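Notes for the one structure printed next.
The values are calculated or read from the model by the stated rules, or taken from the named source; none is laboratory data. These numbers were taken from a predicted model, which means no experiment stands behind them. When we count neighbours, we look across all protein chains shown, and the Cβ atoms used for this are built from the backbone with ideal geometry, even at glycine. Remember, those area values only see protein heavy atoms, side chains included, never the ligands or the DNA or RNA. Shrake-Rupley method; radii C 1.70, N 1.55, O 1.52, S 1.80 Å.
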Amino acid sequence: MKLVPKLLVAATLTLGFATVDAKSASAAILNYAFTVDSPVTKGNGFFSFDDSTFSNDYNPEANIKSLSFKFDGDSTVYTEQDDANYPNFPVVFPTTSLTGETYLALDYHFNDKANPSSSISYEIIGEDFTAYSRTSLNAEPISGRVSYRQVPESTPLIGVLFASSLGWMMKRKVVSMKKVKI
C-alpha cells in the first residue's frame, strides 16, 4: 500500500514539471486584448504575435499572427487580413506612454466592412484611434483612445490546477488509509 502514495507523488511532480516546460516552450506567443473608446464608437479586440519575430530595426516591430476586432453593437468582425497593407501589416511595436510606461502597441488600418459603399476608414496606431473619410477632405476626423492589456495564457494555469487537485486527492486518500489502520 505504500507504493500507491509514492506513485501519486511522482505523477504529481511529473505533471507539475511538464506544466513548467509547456509554459517555457510557448512563452514566445503573446496575447493582448485592446479596447477602442471614441465619442462616436467603441469596440474590443484581441491579437497575438510571436515576440521572437521582432525586427532588429531602430524601431522594432513584429507581424501580428492573428487579430479580431468588433465595434460594439455591430456583428462585423475585422481580422488581420482586413488591414489595408496586408500581409505587411498589422504590426505590433514597443512604445512609451506620456507617463513613461513602456507597452506594446498596434498599427492597424482598415476600411468599413459593415458598409462597403462607405468611404470611412479606421486607424489604430499605439494609443490613438482615428475614424476618417477617404474621399471627403473637408470631413473632420474622429479621434479616440486605445488601451491594451496582456492576456495570460491559460494552459499552464490549467496544468497547475490539475496537479494541485491530484495532490489534494492523494493527501485525502493517505489520511483516510491511516484512519483505517488505526
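Can you bin the range 30-108 into rounded, prolate or oblate? Criterion: square roots of the alpha carbon gyration tensor eigenvalues sorted a ≥ b ≥ c, rounded for a/c under 1.5, prolate for a/b above b/c, oblate for the rest. Kindly include the intermediate steps, with their values, before the conclusion.
Details: a/c = 2.18, a/b = 1.34, b/c = 1.63.
Oblate, since a/c reaches 1.5 and b/c is not below a/b.
How would you order 140-151, 43-54 from highest to lowest mean count of nearby Cβ atoms within 10 Å?
Details: 140-151: 13.4, 43-54: 16.8.
Packing order, densest peptide first, comes out as 43-54, 140-151.
If each residue of separation counts as 0.36 nm, what is the full-extension length gain between D57 and A139 once their alpha-carbon separation is subtracted?
Length gained, D57 through A139: 25.9 nm.
Which percent of the accessible heavy-atom area of the range 66-122 goes to carbon and sulfur, probe 1.4 angstrom? Could you put the intermediate results ahead of the total?
Numbers: 1410 of 2970 Å².
Ligands and nucleic acids excluded, carbon and sulfur give 48 percent.
Given a Förster distance of 22 Å, report the FRET efficiency between N31 and K70 from their Cβ-Cβ distance, rounded to the nearest 0.05.
0.85
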